[in-house]
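These notes are about the structure you will find just below.
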Amino acid sequence: MASWFHGTKPPLWFRLGEAIVLILLSVELISKRGPVVGAVAVVVYGAMAVISLLAWDQMVAWCRSHPHLQDLIFYPLAFLALADFTDLAAYICLLIAVAAGLVLDGSAYLLYLLHRS
């Protein structure tokens, strides 16, 4: 297994490939679901691509020092996944993503509290 799976920075070719995939996902969502979902995709996937390419080390340091805040990325990713793979209305995808995120965040926080005490 590649050494960068264990905490070191992935090679540039991998990060470029990730950025290309994220850009293509954004374009696909714009054409498939329209400008509202497409705008969310551009913001979320664009930020992920830029951070991956330009600020990998800072992102890893931030994620390590804010383990619970990094989980908030689940909400827009769940929304985009639902919007991409289903024909549900955008507001239904949003409601499902928020509900799932609250359940997952709540259970993760309870586990954190149990392990902390």
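The values are calculated or read from the model by the stated rules, or taken from the named source; none is laboratory data. Just so you know, these numbers come straight off a predicted model, no measurement behind them. Please note: Cβ atoms are built from the backbone with ideal geometry, for glycine as well, and neighbour counts cover all protein chains shown.
Let me confirm something: among LEU110, LEU95, LEU102, which residue is assigned to a helix (DSSP H, G or I), more than 25 Å from LEU24 (Cβ to Cβ) and at pLDDT below 85?
One residue alone meets the criteria, LEU110.
Just to check your reading of the model, which residue among VAL42, VAL60 is at pLDDT 90 or above, surrounded by 13 or more Cβ atoms within 10 Å (Cβ to Cβ) and closer than 24 Å to TRP13 by Cβ?
Answer to the check: VAL42.
Just to be sure, is LEU110 among the aliphatic types (A, V, I, L, M), surrounded by fewer than 12 Cβ atoms within 10 Å (Cβ to Cβ) and either over 24 Å from GLY17 (Cβ atoms) or in contact with a Lys or Arg (Cβ under 6 Å, 6 or more places away or on another chain) (or both)?
yes
Evaluate the following for LEU72: is it modelled with pLDDT of 90 or more and not β-branched (Val, Ile, Thr)?
When the stated conditions are applied, LEU72 does not pass them.
Out of ALA19, ALA61, ALA47, ALA39, which single residue is of a type in the set (Gly, Ala, Ser) and over 30 Å from LEU88 (Cβ atoms)?
Answer to the selection: ALA61.
I'm trying to understand the selection: among the residues of the stretch 58-92, which are of a type in the set (Asp, Glu) and assigned to a helix (DSSP H, G or I)?
ASP71, ASP84
Can you tell me which residues in the stretch 100-117 are farther than 16 Å from PRO76 by Cβ and hydrophobic (A, V, I, L, M, F, W, C)?
Hits for the stretch 100-117 are VAL103, ALA108, LEU110, LEU111, LEU113, LEU114.
Quick one: in the stretch 10-39, which of the residues that are surrounded by 14 or more Cβ atoms within 10 Å (Cβ to Cβ) and either assigned to a loop (DSSP other than H, G, I, E, B) or small (Gly, Ala, Ser) (or both) is modelled with the lowest pLDDT?
Within the stretch 10-39, the match that is modelled with the lowest pLDDT is PRO10.
Report the residue count in the stretch 15-51 for those that are of a type outside the set (A, V, I, L, M) and either in contact with a strand residue (DSSP E or B) (Cβ under 9 Å, 6 or more places away or on another chain) or more than 21 Å from TRP62 (Cα to Cα) (or both).
9
So is VAL103 surrounded by fewer than 15 Cβ atoms within 10 Å (Cβ to Cβ) and in contact (Cβ under 8 Å) with a residue 12 or more places away in the chain or not?
No; evaluated as a whole, the condition is false for this residue.
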